[in-house]
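Scroll down for the structure; my scribbles are underneath it.
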Amino acid sequence: MPSAPVRVILPGMLRDLVGGVAEIEVESPTESQTVAELLDRAFSGHRVLDGKVRDERGQIRRHVKVFVNGEDATRGAGVGAAVPAGARVHIINAVSGG
Amino acid sequence: MTETIVAIGTRKGLWIARSTDRREWALEGPHFLMSEVASVAVDTREGRSSVLAGVKSWHWGPTVQVSSDGGRTWTESAERALSFPTDTDTALERVWQLTPDPNDSDVVWAGVEPHALFRSTDRGKRYELVRGLWDHPHRPSWEPGFGGGAVHTIVPEPGHPEHLLVAMSAGGVYRSEDGGNTWEASNPGIRAYFMPDNEYPEFGQCVHKVARGQADGALYAQNHKGVYRSDDNGHTWESIADGLPTDFGFTILAHPRRPGVVWNIPVQDDGERIPPGAQLQVQRSDDGGAHWRMQADGLPADSYTCVLRDAASLDESDPVGVYLGTRNGDVFASADEGESFQRIATQLPDVLVVRAAQLG
């Protein structure tokens, strides 16, 4: 039975690529899924986002952060981190550059 | 009406200068502000006005963007335009070179970091890895240059679609005579002065740029210390550096019609990356590198900048236009084959690539 959907909140820099969409709601098929599984579902209808957030190996890009309920998943298990049903997931661009 | 465009890729975006007489210029941009544009190709084959750009966002990674209207509007593929196959366990860092193939108007070659060559058969929208070079037994020994480890130069041969030459930092020149299926190192005569024992190894040279003289097929190479010519399609190389103020530099250009006419942009030394004597200049040879003369009218003295590997270009007008961009964001243009220059852009970010062409 599907559980509470996960909300994926996009950074301003990516919203222009998907017609101003700020947030993607993803149905959660189980009580928990990995970040990789979540992003597969979230980006299935917005393919251009996949190449922006992940490289072709499926890894989160070096200067991108993914927070799951306020915790930085990229400091932990990365794309293998667990995303509980009903979570809020923020994708942000790291504060880097010059 | 024919329009000359000069595409200027920088650390923080792409600008395009346009002119109908090569005297008055209008500068447009930036496109892709805050993204690095390290490679540009203007594709005029079959009357097209396409511009391809290798764009890298610091945050959102590298891709190839395509314009079909001379660089005014741009399209990015929803799917990745260029990516490594899963089995390579490799991620694309940057697209350093985009080269339309003169023998097939649908083919575009891409040289990338890490060291690899890609091929598009749909005019630059989607690319596939050239396995023959990727699987080369030398690849694990190729080293990154200061700018990264990349295939940065691709030289097809008009009339011979099976012939292809690439150069990389630091791996040297490689040559294929079967359309890219198999490759051989092709550096005889090119010195690798930094090697402790054998200064003429089979590969490992730091070749910065190779250009082909279209009139006679001669190849010219600017190396990390060393300037060379090949009259046998890259099988062997001989030095043509004697008449130059320095043998260090990044780029080299060959005339599209006149045999033996070649331009070099010298840099004082690898430890002093400024123009020789702080005079920004090009060096021109009319005899294939036997003799050189400085061209600097309109280029600044007291200049401590540098012209990088792809930051110079020719157009194909008569007389040929010569263009160069500097690390301090100036772009200079000559409409008389280098005899005089004017500044057509200033205060841009570091210029990484300049490509000029006639449209329309």
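If you scan the stretch B:51-72, which residues turn out to be polar (S, T, N, Q) and either touching a residue at least 40 places away in the same chain (Cβ under 8 Å) or within 14 Å of chain A (Cβ to nearest Cβ) (or both)?
Those that are polar (S, T, N, Q) and either touching a residue at least 40 places away in the same chain (Cβ under 8 Å) or within 14 Å of chain A (Cβ to nearest Cβ) (or both): B:Ser57, B:Thr63, B:Gln65.
Scan the stretch A:82-94 for residues that are outside any strand (DSSP E or B), surrounded by fewer than 19 Cβ atoms within 10 Å (Cβ to Cβ) and away from chain B (no Cβ under 11 Å) and report the count.
Result for the stretch A:82-94: 2.
Select, from B:Glu28, B:Glu24, the only residue that is surrounded by fewer than 18 Cβ atoms within 10 Å (Cβ to Cβ) and free of Cβ contacts under 8 Å to residues at least 24 places away in the same chain.
Matching residue, one of B:Glu28, B:Glu24: B:Glu24.
Check the stretch B:126-135 and report whether any residue there is closer than 28 Å to B:Pro201 by Cα, of a type in the set (A, V, I, L, M, F, W, C) and assigned to a loop (DSSP other than H, G, I, E, B).
Yes: one or more hits.
Starting from the stretch A:43-65, keep only residues that are under 17 Å from A:Gly19 (Cα atoms) and facing another protein chain (nearest Cβ under 7 Å), then list their pairs with residues that are among the acidic types (Asp, Glu) and in a loop (DSSP other than H, G, I, E, B) whose Cβ atoms are within a distance under 7 Å, requiring at least 6 positions of separation or different chains.
Qualifying pairs under 7 Å: A:Arg47/B:Glu79.
Can you tell me which condition A:Ala77 does not meet? The list is (1) more than 10 Å from chain B (Cβ to nearest Cβ); (2) modelled with pLDDT of 95 or more; (3) loosely packed, with under 15 Cβ neighbours inside 10 Å, and all the others hold.
The single condition A:Ala77 does not satisfy is (2).
This table checks each residue for (1) among the small types (Gly, Ala, Ser); (2) surrounded by 17 or more Cβ atoms within 10 Å (Cβ to Cβ).
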| position | (1), (2) |
| --- | --- |
| A:Gly12 | yes, no |
| A:Gly20 | yes, no |
| A:Glu23 | no, no |
| A:Val26 | no, yes |
| A:Ser32 | yes, no |
| A:His46 | no, yes |
| A:His63 | no, no |
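Which residue is farthest from B:Phe194 (Cα to Cα), if the candidates are limited to the stretch B:205-234 and must be out of contact with any strand residue (DSSP E or B) (no Cβ under 8 Å at 6 or more places or on another chain) and in contact (Cβ under 8 Å) with a residue 24 or more places away in the chain?
B:Ala215
Residues B:Gly172, B:Gly217: which one is in a strand (DSSP E or B) and either basic (Lys, Arg) or under 19 Å from the mean Cα position of the chain (by Cα) (or both)?
B:Gly172
B:Ala192 versus (1) without any contact (Cβ under 8 Å) to a residue 40 or more places away in the chain; (2) crowded, with 23+ Cβ neighbours inside 10 Å; (3) more than 27 Å from B:Arg343 (Cα to Cα): which is the lone unmet condition?
It fails just one condition, (2).
Only one residue in B:Arg284, B:Arg257 is within 29 Å of B:Asp297 (Cβ to Cβ) and not in a strand (DSSP E or B), so which one is that?
B:Arg257 is the lone residue from the list that is within 29 Å of B:Asp297 (Cβ to Cβ) and not in a strand (DSSP E or B).
Using the structure shown, decide if B:Thr44 is within 14 Å of chain A (Cβ to nearest Cβ) and farther than 17 Å from B:Gly13 by Cβ.
No; evaluated as a whole, the condition is false for this residue.
Identify, from the list B:Thr246, B:Thr251, B:Thr305, the residue that is hydroxyl-bearing (Ser, Thr, Tyr), at pLDDT 95 or above, in contact with a strand residue (DSSP E or B) (Cβ under 6 Å, 6 or more places away or on another chain) and in a loop (DSSP other than H, G, I, E, B).
Unique residue meeting the criteria: B:Thr246.
Could you count how many residues in the stretch B:80-91 are within 7 Å of chain A (Cβ to nearest Cβ) and loosely packed, with under 12 Cβ neighbours inside 10 Å?
Final tally of qualifying residues: 1.
Could you list, in sequence order, all residues of the stretch B:328-360 that are under 23 Å from B:Gly260 (Cβ atoms) and either modelled with pLDDT under 95 or among the acidic types (Asp, Glu) (or both)?
Answer for the stretch B:328-360, where residues must be under 23 Å from B:Gly260 (Cβ atoms) and either modelled with pLDDT under 95 or among the acidic types (Asp, Glu) (or both): B:Asp336, B:Glu337, B:Glu339.
The values are calculated or read from the model by the stated rules, or taken from the named source; none is laboratory data. Owing to the predicted nature of the structure, the values given are computational and were not obtained by experimental measurement. When we count neighbours, we look across all protein chains shown, and the Cβ atoms used for this are built from the backbone with ideal geometry, even at glycine.
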